[in-house]
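S.K.: Here it is, the structure in full.
The values are calculated or read from the model by the stated rules, or taken from the named source; none is laboratory data. On a predicted model such as this, the values are computed, not experimentally measured, just so you know. Heads up, the Cβs are rebuilt from the backbone with ideal geometry, glycines too, and the neighbour counts pull from every protein chain shown. Just the protein is used for accessible areas: all its heavy atoms, side chains included, with ligands, DNA and RNA removed. Shrake-Rupley method; radii C 1.70, N 1.55, O 1.52, S 1.80 Å.
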Amino acid sequence: MKVALDTSFAGVNPTGVGIYSKRLAEHLARIADKRQIRLACYGPSCPSRARSLLLGGLYQEWPTYTQLALPLMLIGSRPDVVHSTSHLGPLWGAGKLVVTVHDLIFKRYPADYNPFWLKITRTLLPKVFARASAIITDSEATRADLLRFYPVHGDKVRVIYPGVDAAFRVPVAAQYMAAVKQKFDIVGDSYILCLGPWVRRKNLEVVIEAFAVIAERLPEVHLVITGRPSAGMQSAGVTAALARLPEAAKQKVRTVGHLPTDELHALVQGASVVAYPSKYEGFGLPPLEAMSAGTPVVASDAAAVVEATGGAALIARADKVGDWVGELSRALIDPAKAEELRRAGKARSGLFSWERCAEETADLYEAM
């Protein structure tokens, strides 16, 4: 069975689609011989032994490559299956089409997107879904959204959960942890880590507002916020929310931007609790990564996040500051609850592996 894996959308996204594309390509390559798959990978984030032609500048979050260059390139090889790891797979060409739909954020928050990109997506996506022989979603929540917004037959849609990188489970050396905390001027041993980027649906402001109360009650606690405003989407009001903090709380906030993987692992493992207040997700990988690291998590009540965390996190209503004050404080001051969350989180995150994701994806190829 010849499989062409299209990872063209992975180049602009170091999280989400990028992680999924890279890890799926790596683990499909590992099982290719066993599963009798001849794998060719087109785009960035491809393992070297499966990589095909690279076309640099065409890899961006526009359909230039996937709708034109890729089908032309596949004429000669005639794959049995073409799998696009993001939703805008090719509308023509060889092979049965599989697309992975990670979320339908643009349907719920259209004002956050570039209008031209939005118009292209709205035009092409129904046609892509009509052509696809199978559609993968990251969660039951996204599957429900897909069936709600598009006339797609349910039998065509299969939920295959992503994995969690095993690296999050590896303990960070104490010396390196200390160096990372020193780099970002994180004082003491107690901090809340809030994961960006700074876009409206991530809802970081609710944690900032909650921290104004927590900082007064627990003056030893700091707040660390990753990410920055995201290109191509309307930014959240994070800067304004930070400016509204009382001066004493403001002095305990650190904004660290986008981090290299090793530094992110260190801050996740070192946190007293990870806050994930997103209003909408297609899955919810960051909370699972924190759980894998053994860090307690307080997450929002967004459907996909509740599905992913599976009862192993404290849940706060996304728009209720009081919920976040209460649940974050609980994780910070109740050692028994924190330990319970660590144990439950590790067990829950252990159910999500890239090996399983690749095997289930290969099963789908064979069924097609």
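S.K.: Do you know which of the residues in segment 349-368 that are of a type outside the set (S, T, Y) and in a loop (DSSP other than H, G, I, E, B) is most open to solvent (accessible area, probe 1.4 Å)? Can you show your working first?
M.R.: Looking only at segment 349-368, we keep the residues that are of a type outside the set (S, T, Y), and these are 350-352, 354-360, 362-364, 366-368.
Now restrict to residues that are in a loop (DSSP other than H, G, I, E, B): 350-352, 368.
On the way: G350: 48, L351: 107, F352: 12, M368: 50 Å².
Looking at residues that are of a type outside the set (S, T, Y) and in a loop (DSSP other than H, G, I, E, B), I get L351.
S.K.: Can you find a residue in segment 230-247 that is within 23 Å of A338 (Cβ to Cβ) and hydrophobic (A, V, I, L, M, F, W, C)?
M.R.: So in segment 230-247, the residues within 23 Å of A338 (Cβ to Cβ) come out as none.
No, the conditions are met nowhere in segment 230-247.
S.K.: Restricting to segment 263-300, count the residues that are under 14 Å from V207 (Cβ atoms) and more than 16 Å from the chain's Cα centre (by Cα).
M.R.: 4
S.K.: I've got another one for you. What residue, among those in segment 310-348 that are of a type in the set (D, E, K, R) and in contact with a strand residue (DSSP E or B) (Cβ under 6 Å, 6 or more places away or on another chain), is surrounded by the fewest Cβ atoms within 10 Å (Cβ to Cβ)?
M.R.: Quick first cut of segment 310-348, residues of a type in the set (D, E, K, R) only: 317, 319-320, 323, 327, 330, 334, 337, 339-340, 342-343, 346, 348.
Among the residues that remain, those that are also in contact with a strand residue (DSSP E or B) (Cβ under 6 Å, 6 or more places away or on another chain) are: 323, 327.
Working: D323: 20, E327: 24.
That would be D323.
S.K.: Residues that are loosely packed, with under 15 Cβ neighbours inside 10 Å: which helices (runs of 4 or more DSSP H) entirely in segment 66-142 hold 3 or more of them? Break it down into steps so the answer makes sense when it comes.
M.R.: Working: elements: 70-73, 105-108, 115-131.
Counting at least 3 such residues, we get 115-131.
S.K.: Name, by its number, the condition in (1) surrounded by fewer than 21 Cβ atoms within 10 Å (Cβ to Cβ); (2) under 22 Å from G345 (Cα atoms); (3) among the basic types (K, R) that does not hold for K202.
M.R.: Tallying (1) surrounded by fewer than 21 Cβ atoms within 10 Å (Cβ to Cβ); (2) under 22 Å from G345 (Cα atoms); (3) among the basic types (K, R), K202 fails exactly one: (1).
S.K.: Still on this structure, please answer the following. Answer yes if at least one residue in segment 32-52 is among the β-branched types (V, I, T), modelled with pLDDT of 80 or more and part of a helix (DSSP H, G or I), and no otherwise. So that I can check it myself, show each step before the final result.
M.R.: Of the residues in segment 32-52, the ones among the β-branched types (V, I, T) are 37.
Cutting the leftovers down to modelled with pLDDT of 80 or more gives us 37.
Then keep just the ones that are part of a helix (DSSP H, G or I); that gives none.
No, segment 32-52 has no match at all.
S.K.: While we're looking at this one, here's another question. Which of the residues spanning segment 166-185 are closer than 24 Å to L288 by Cβ, open to solvent by 60 Å² or more (accessible area, probe 1.4 Å) and either among the charged types (D, E, K, R) or assigned to a helix (DSSP H, G or I) (or both)?
M.R.: Of everything in segment 166-185, those that are closer than 24 Å to L288 by Cβ, open to solvent by 60 Å² or more (accessible area, probe 1.4 Å) and either among the charged types (D, E, K, R) or assigned to a helix (DSSP H, G or I) (or both) turn out to be A166, R169, Y176.
S.K.: On to the next question. Kindly indicate whether any position in segment 280-296 is farther than 24 Å from K181 by Cα and either modelled with pLDDT of 95 or more or assigned to a helix (DSSP H, G or I) (or both). Spell out how you get there, then give the answer.
M.R.: To start, the set of residues in segment 280-296 that are farther than 24 Å from K181 by Cα comprises 280-284.
Still in the running and either modelled with pLDDT of 95 or more or assigned to a helix (DSSP H, G or I) (or both): none.
Checking segment 280-296: not a single residue is farther than 24 Å from K181 by Cα and either modelled with pLDDT of 95 or more or assigned to a helix (DSSP H, G or I) (or both).
S.K.: With a cut-off of at least 1 residues that are small (G, A, S), name the strands (runs of 3 or more DSSP E) lying wholly within segment 186-264.
M.R.: On the way: elements: 191-194, 222-226, 253-257.
It comes to 253-257.
S.K.: Right, next: Got a number for residues in segment 65-122 being of a type in the set (K, R) and closer than 15 Å to S8 by Cα? Step through it out loud before you land on a result.
M.R.: Narrowing segment 65-122 to residues of a type in the set (K, R): 78, 96, 107-108, 119, 122.
Now drop any that are not closer than 15 Å to S8 by Cα, which leaves none.
Residues in segment 65-122 being of a type in the set (K, R) and closer than 15 Å to S8 by Cα: 0 in total.
S.K.: A further question on this structure: S139 is checked against (1) closer than 19 Å to A10 by Cβ; (2) in contact with a helix residue (DSSP H, G or I) (Cβ under 8 Å, 6 or more places away or on another chain) and fails just one. What number does that condition carry?
M.R.: Against the list (1) closer than 19 Å to A10 by Cβ; (2) in contact with a helix residue (DSSP H, G or I) (Cβ under 8 Å, 6 or more places away or on another chain), S139 comes up short only on (1).
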